[in-house]
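The values are calculated or read from the model by the stated rules, or taken from the named source; none is laboratory data. Keep in mind the model is a prediction, meaning the values are calculated, not measured. Every residue, glycine among them, receives a Cβ derived from its backbone with ideal geometry; neighbour counts consider all protein chains shown. For accessibility, only protein heavy atoms count, side chains too; no ligands or nucleic acids. Shrake-Rupley method; radii C 1.70, N 1.55, O 1.52, S 1.80 Å.
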Amino acid sequence: MQPDLHSRTLAAHTLHQFRTLSPLTHCMTNEVVQSFTANTLLALGASPAMVIEPEEASQFATIASALLINVGTLTQRRATAMRAAAERAHLAKTPWTLDPVAVGVLDYRRYFCLDLLTLRPAAIRGNASEILALAGMNSGGRGVDTTDTAVAALPAAQALARQAGTIVVVTGEVDYVTDGQRTVSVSGGDPLMTRVVGTGCALSAVVAASCALHGDRLDNVASACSWMKQAGKIASEQATGPGSFIPAFLDALYNLEMQEQA
Amino acid sequence: MQPDLHSRTLAAHTLHQFRTLSPLTHCMTNEVVQSFTANTLLALGASPAMVIEPEEASQFATIASALLINVGTLTQRRATAMRAAAERAHLAKTPWTLDPVAVGVLDYRRYFCLDLLTLRPAAIRGNASEILALAGMNSGGRGVDTTDTAVAALPAAQALARQAGTIVVVTGEVDYVTDGQRTVSVSGGDPLMTRVVGTGCALSAVVAASCALHGDRLDNVASACSWMKQAGKIASEQATGPGSFIPAFLDALYNLEMQEQA
Amino acid sequence: MQPDLHSRTLAAHTLHQFRTLSPLTHCMTNEVVQSFTANTLLALGASPAMVIEPEEASQFATIASALLINVGTLTQRRATAMRAAAERAHLAKTPWTLDPVAVGVLDYRRYFCLDLLTLRPAAIRGNASEILALAGMNSGGRGVDTTDTAVAALPAAQALARQAGTIVVVTGEVDYVTDGQRTVSVSGGDPLMTRVVGTGCALSAVVAASCALHGDRLDNVASACSWMKQAGKIASEQATGPGSFIPAFLDALYNLEMQEQA
């Protein structure tokens with residue numbers, strides 16, 4: 001079955017809602033990408049907050065519009081806080097999103113993520129190796145990088161989505177967004193995005209925030225992917241390398257709505 | 001009572017002293033903004049150092065010219081280290097500054113910050129919601145963002161300054177700096193500063209460093225606010241979004257003295 | 001004895017190998033510079049991964065091509081993880097590199113680093129004060145900054161290299177790379193590099209990654225220094241301050257090979 005191509009008009013429409021609602025997004029993410037993640041959410045008009053002590057994270061998960069859990073630099077203490085926050089989010093019906101960084105390579109975090117799936121994430125965003133590993137079809141990966149293509153992981157993504165009752169995003173040159181029944185594809189972006197740390201992690205945060213929107217969640221999540229792909233393409237056309245890509249990317253996200261409305 | 005407008009000539013004069021002394025500034029700040037905070041201090045000519053293990057933080061608080069405590073991503077372990085450092089700073093008469101991030105929303109950090117006040121901070125820098133909460137007039141806030149204007153929090157800032165024997169900075173479109181008796185206002189800046197993570201936290205670090213200077217502390221702290229407002233205005237005029245704002249802002253801080261001397 | 005000047009032709013040749021092998025570099029580094037470190041490695045074509053929980057770090061140290069240990073924001077928990085990773089790297093013959101940030105000033109980390117030396121690092125990279133302190137000729141330093149020149153620390157660097165059986169890099173206006181017998185010098189760079197946080201820490205990560213290359217390790221490490229000096233010079237010529245230096249520096253690293261081949 002050929003996935004449907006996600007519509008840019010829909011993405012622009014969703015962005016308008018995103019900027020209006022400005023989801024308060026509780027990010028429990030890795031140490032490396034916190035600043036870039038916050039700046040990505042701010043550029044798009046969301047309101048990020050990083051709260052990590054177990055007691056506080058648990059309290060904040062009920063105040064926030066959405067929660068992100070990214071296991072990139074997992075520690076025991078952080079795992080305790082993440083688990084507490086996901087539990088409270090689950091009870092409070094706050095949508096939460098999982099980014100299973102490098103679960104194909106490291107056992108401790110794979111068990112942690114598999115256990116978290118029982119708390120029903122609204123979405124999961126990973127690269128092909130991560131999604132394959134989470135679906136029990138471990139292929140490894142190389143550090144935090146994938147060794148598989150997104151399309152090769154699509155059946156695993158669809159199976160995982162059905163099994164966990166969630167939306168799965170598997171990203172690569174083309175992103176695929178699936179709930180196990182419907183699948184849409186999002187193209188765009190640029191290889192330069194892989195030479196900057198945190199573009200995938202920041203996408204997960206935007207996916208998390210988009211789960212707080214009204215309307216069809218699959219479309220909202222695909223719209224989040226579309227914004228990032230569009231901004232990545234604009235930025236890479238302006239950049240002379242990964243250094244100048246970063247400010248250009250945040251500027252492109254910030255100015256995206258105007259261009260879409262033109 | 002109308003606050004006095006802080007003088008830019010005074011700010012330029014203070015900046016000259018700041019660059020000459022290059023305060024060694026011990027920053028115990030949140031994970032999200034550490035890099036931007038360090039780069040802000042370096043651009044202005046200070047010498048930042050982030051030291052966080054309780055034993056080390058305690059030793060370093062006596063070596064440093066100034067200490068910053070920012071509770072943005074507070075943890076129990078970090079709270080222990082911050083408390084130890086503040087105690088040593090208090091004993092050694094090293095001026096220390098408190099940034100009470102989101103104390104209006106989260107109980108754990110509010111109690112921690114209220115307890116720290118007994119160790120006599122030299123300055124406190126927060127947004128309106130944070131200052132209201134610390135003064136016991138809780139209005140909440142939305143995550144790390146304020147839901148109040150700075151001027152609405154001015155009476156609370158003045159009361160808090162008198163009660164804690166400190167200088168309170170309440171920031172917003174206009175910043176107010178008060179010791180409970182005198183109050184000065186600092187205008188400038190640009191709304192784009194709120195679309196970049198860490199501008200407020202970085203200001204707190206500059207406020208902390210400015211408390212190491214000679215002369216009138218209220219004037220020194222107001223000068224710190226003025227440098228950031230001026231650089232924010234220059235950068236926003238050059239930027240096409242929050243991404244290009246960041247390098248432009250650091251460049252503006254770095255080049256500020258020359259412009260003032262012209 | 002006058003150190004030999006490192007050859008740029010050799011540096012270009014080594015860079016080609018670096019980009020081809022793309023060393024998977026396990027970075028256990030301080031909180032402040034993680035993002036900049038990852039972006040520096042990515043710009044040069046390496047594959048960074050930050051893994052910090054003791055159990056995971058230990059597992060990952062055997063998968064990675066190289067390991068970096070930087071004690072900038074050391075904590076007890078992080079020290080445990082670093083020690084475990086260094087032990088596994090030592091057993092697995094994975095080359096690991098030590099960046100002894102501020103060991104001249106803080107006792108806890110100095111003892112930790114001295115103890116780590118028994119696990120035979122492939123390289124040590126520090127400023128003059130740090131190398132002097134590690135060699136037992138403590139001169140202090142000011143916070144994370146050095147109070148000595150690199151050339152003054154050269155005898156200490158040579159003694160440390162012989163004693164620990166490692167390569168020592170002492171950086172400053174000129175960098176010196178020594179194994180205790182041979183010493184090469186690397187010039188270039190720009191004072192603006194000291195106004196941006198993390199250029200030294202990022203160099204240590206590149207040094208760590210370069211230890212995974214084939215060929216003469218001293219030459220490989222000196223090449224790593226050369227890439228950073230060259231990019232620093234190019235970036236400072238383009239920048240109007242430390243803010244614009246950062247993207248220009250990453251772009252220069254990314255585009256370095258092409259320029260060398262021209």
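Selection of first residues in region B:38-63 that are facing another protein chain (nearest Cβ under 7 Å) and surrounded by fewer than 20 Cβ atoms within 10 Å (Cβ to Cβ) and of second residues that are among the aromatic types (Phe, Trp, Tyr) and not in a loop (DSSP other than H, G, I, E, B), restricted to Cβ pairs under 8 Å at least 6 apart or on distinct chains, gives the following pairs, ordered by first then second residue: B:Glu55/C:Tyr108; B:Gln59/C:Tyr108.
Residues that are small (Gly, Ala, Ser) and at pLDDT 95 or above were ranked within region B:101-127; the one that is nearest to A:Cys27 (Cα to Cα) is B:Ala102. Remark: pairs (first residue in region A:69-84, farther than 21 Å from A:Ala122 by Cβ; second residue open to solvent by 10 Å² or more (accessible area, probe 1.4 Å) and part of a helix (DSSP H, G or I); Cβ separation under 8 Å; 6+ apart in sequence or on different chains) = A:Thr75/C:Arg77; A:Arg77/A:Pro54; A:Arg77/B:Arg77; A:Arg77/C:Arg77; A:Thr80/A:Pro54. Anything in region A:220-256 that is among the polar types (S, T, N, Q) and under 22 Å from C:Ser244 (Cβ atoms)? List them, or say none. Of everything in region A:220-256, those that are among the polar types (S, T, N, Q) and under 22 Å from C:Ser244 (Cβ atoms) turn out to be A:Ser236, A:Gln238, A:Thr240, A:Ser244, A:Asn255. Taking the listed residues A:Val144, A:Val101, the one that is under 19 Å from A:Ala202 (Cβ atoms), open to solvent by 20 Å² or more (accessible area, probe 1.4 Å) and in contact with a Gly (Cβ under 8 Å, 6 or more places away or on another chain) is A:Val144, with no other qualifying. Look at (1) within 14 Å of chain C (Cβ to nearest Cβ); (2) within 24 Å of A:Ile63 (Cβ to Cβ); (3) surrounded by fewer than 24 Cβ atoms within 10 Å (Cβ to Cβ) and you find that B:Asn70 fails only one, number (3). For region A:249-262, check the following and say yes or no: at least one residue is farther than 30 Å from C:Leu41 by Cβ, more than 14 Å from chain C (Cβ to nearest Cβ), open to solvent by less than 50 Å² (accessible area, probe 1.4 Å) and in a loop (DSSP other than H, G, I, E, B). Checking region A:249-262: not a single residue is farther than 30 Å from C:Leu41 by Cβ, more than 14 Å from chain C (Cβ to nearest Cβ), open to solvent by less than 50 Å² (accessible area, probe 1.4 Å) and in a loop (DSSP other than H, G, I, E, B).
Report yes if some residue within region A:234-247 is open to solvent by 10 Å² or more (accessible area, probe 1.4 Å), facing another protein chain (nearest Cβ under 10 Å), hydroxyl-bearing (Ser, Thr, Tyr) and in a helix (DSSP H, G or I); otherwise report no. Yes, region A:234-247 has at least one match. Restricting attention to region A:151-164, the residues being in contact with a helix residue (DSSP H, G or I) (Cβ under 9 Å, 6 or more places away or on another chain) and open to solvent by 30 Å² or more (accessible area, probe 1.4 Å) number 3.
Among the residues of region A:7-25, at least one is of a type outside the set (A, V, I, L, M, F, W, C), part of a loop (DSSP other than H, G, I, E, B) and open to solvent by 20 Å² or more (accessible area, probe 1.4 Å).
Given the condition over 22 Å from B:Thr178 (Cα atoms) and away from every other protein chain (no Cβ under 14 Å), answer yes or no: does some residue in region B:91-113 qualify?
So far as region B:91-113 goes, yes, one or more of its residues are over 22 Å from B:Thr178 (Cα atoms) and away from every other protein chain (no Cβ under 14 Å).
Please verify whether region B:213-231 includes one or more residues that are at positive phi and open to solvent by 10 Å² or more (accessible area, probe 1.4 Å). Yes, the conditions are met somewhere in region B:213-231. If the condition is being of a type in the set (Asp, Glu) and in contact (Cβ under 8 Å) with a residue 40 or more places away in the chain, then region B:159-215 contributes B:Asp175, B:Asp190.
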